[in-house]
Amino acid sequence: MINYTNVNTYDYFLPEDLIAQTPVEPRDSSRMMVFDSKTKKVEHKHFYNIADYLVAGDVLVINNTRVLPARLYGYKSTGAKLEVLLLKRHSINVWECLMKPAKRLHIGEELVFSEELKCKLLEILPDGNRKIEFIYDGVLEDILSRVGTMPLPPYIREKLSNQERYQTVYSKTTSSAAAPTAGLHFTRELMDKLKAKGIIFAEVTLDVGLGTFRPCKEEDITKHDMHTEHYNIGQETCDIINKAKAEGRRVIAVGTTSVRTLESVARYGLPLQPKSEDTSIFIYPPYEFKVVDALITNFHLPKSTLIMLVSAFAGLDNTMNIYKTAVENKYRFFSFGDSMLIVLISNIFNYKK
């Protein structure tokens, strides 16, 4: 019998050379594995082929969040240097962050990042994170764009020459510490092509935190302290999705962040209603999806909550076989890696076009 709550159930072997260090150009030239969970059929395509698997009326739900240049380097009056990584905004000027080396700054002390930006340490949180208050004149986001750097995931060691390659082309709301990476494959030209075919785009916002990269360290995953992220879904998006579901059209989530948003708001019942709140939803098998019919996603870390979500969507055996196939076919993994399209309910290979 499969133990869905044992973290080792979600482990797999990944050669290190398959971890993508740089993005491909153009964005939509990345490879795409297509899997139908009903027929178990697998196809190896490129992301620019995705139009072949979508039909007029399909709804693609995208996360329009934008990555904040959240890594800052500062110094104390003594000259001691510290690194700050912003995690979560608590108010206009107050942020939760990671600080390294953390013990160098005491409560009430200030840290200078530049002539236009400094901060004061307000609080040391129970989990070791710090709460800081920024001191500045002007617009914080503008200042951070000049002072901060992009917080790439820890498994990416190559320097990113173009910072926009860690942003989706449709990003709007600067609020995340990490990118919704399934969306990195879209180009504006591809989106225009899909819209011309009758594909509908609906936007949500989920502030992606660094907890998304954190592996589950508890052997019993039910004891895992799931990270919290803020999401927002507006009336227009709710109307688009509710109409699609009522008419039997497919709702396709672009990325696990879109899934987390949709399934979080669906807990309040259907049809969906606008919502803006924090979520710590943890999706793992078995789970009954209420909104999502298909999923576009990248290949995720072993033992991560993201591969658990995918396993709940596609089925554990299917997911492990997908990953084994991806390794055998040398797909590129993680944030700058390749993608896959998984269909849960609708059979895309026999879908009426």
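Please list, by residue number, everything in segment 30-54 whose backbone N is under 12 Å from a paramagnetic label point 7 Å out along Cα→Cβ of Thr325.
The answer is 32-45, whose backbone nitrogens lie closer than 12 Å to the label point.
Compute the distance from the alpha-carbon center of segment 11-70 to that of segment 137-159, in whole Å.
Cα centroid of segment 11-70 versus Cα centroid of segment 137-159: 25 Å apart.
Normalising by the residue count of segment 71-147, find the relative contact order in percent from Cα pairs under 8 Å and 6+ residues apart.
Reported relative contact order: 25 percent.
Which order do Glu141, Glu203 fall in if you start with the one that has the fewest other Cβ atoms within 10 Å?
Glu141, Glu203
So what does log10 I(q)/I(0) come out to for segment 71-147 at q = 0.24 Å⁻¹, using the Debye formula with one equal point on every Cα and no solvent?
One equal scatterer on each Cα of segment 71-147 leads to -1.19.
Rounded to the nearest 500, what is the 222 nm mean residue ellipticity of the chain from helices alone, with -39500 (n - 2.57) per DSSP H run of 4+ residues and division by all residues?
-5500 deg cm²/dmol
Could you give the radius of gyration (one decimal) and Dmax (whole number) of the Cα atoms in segment 128-248, in Å?
Computed over the Cα atoms of segment 128-248, radius of gyration and Dmax are 18.2, 52 Å.
Relative contact order for segment 146-263 using alpha-carbon pairs under 8 Å, separation at least 6, rounded to a whole percent?
25 percent
For each of Met1, Met320, Met308, count neighbouring Cβ atoms within 10 Å of the residue's Cβ, then give the residues from fewest to most.
Met1, Met320, Met308
State, to one decimal in nm, how far the label point of Glu189 lies from the label point of Glu110, with both points 7 Å from Cα in the Cβ direction.
Here the answer is 5.1 nm between the modelled labels.
Rounding to the nearest 20 debye, state how big the charge dipole of segment 71-147 is about its Cα centre with +1 on each Lys and Arg Cβ and -1 on each Asp and Glu Cβ.
Roughly 360 debye, rounded to the nearest 20.
If you count, for each residue, the other Cβ atoms within 10 Å and average over each peptide, how do 161-172, 64-75 line up from highest to lowest?
Ranked from most to least packed, the peptides come out as 64-75, 161-172.
What is the magnitude of the charge dipole of the chain about its Cα centre, with +1 placed on the Cβ of each Lys and Arg, -1 on the Cβ of each Asp and Glu, and no other charges, expressed in debye to the nearest 20?
Magnitude of the dipole: close to 460 debye.
For segment 168-254, with only Lys/Arg (+1) and Asp/Glu (-1) charged at the beta-carbon, what is the dipole magnitude about the Cα centre, in debye rounded to 20?
460 debye
Nearest 0.05, what FRET efficiency do Asp52 and Lys290 give at R0 = 25 Å with Cβ-Cβ as r?
0.35
If I take all pairs of Cα atoms in the chain, what percentage of them are more than 37 Å from each other?
19 percent
Just the C-alpha atoms of segment 1-109: what Rg/Rh do they give, with Rh taken as the Kirkwood radius?
Computed over Cα atoms, the ratio is 1.12.
Could you check the spin-label model distance between Ser145 and Lys41? Points 7 Å from the Cα along Cα→Cβ, value in nm.
If labels sit at Ser145 and Lys41, their model points lie 4.6 nm apart.
What is the spin-label model distance, in nm, from Asp11 to Asp225 if the labels are put 7 Å beyond Cα along the C-beta direction?
2.3 nm
Pull out the extension gain between Asp317 and Val94, defined as 0.36 nm times the separation in residues minus the alpha carbon to alpha carbon distance; nm, one decimal.
75.9 nm
State which entries of Lys40/Lys275; Lys81/Lys131; Lys38/Lys290; Lys40/Lys303 exceed 29 angstrom in Cα-Cα distance in the structure shown.
Table pairs above 29 Å Cα-Cα are Lys40/Lys275.
Can you give the relative contact order of the chain as a percent, counting alpha carbon pairs under 8 Å and 6+ residues apart?
After rounding, I find 25 percent.
Taking +1 at the Cβ of each Lys and Arg and -1 at the Cβ of each Asp and Glu, which of Leu270, Ile19, Pro151 sits farthest along the dipole of the chain towards its positive end, judged by Cα position relative to the Cα centre?
Ile19
Each reported figure results from applying straightforward, stated rules to the coordinates on display, with no laboratory input. Being a predicted model, the structure only gives us computed values, none of them experimental. Here Cβ is always computed from backbone atoms with ideal geometry, including for glycine, and neighbour counts include all displayed protein chains.
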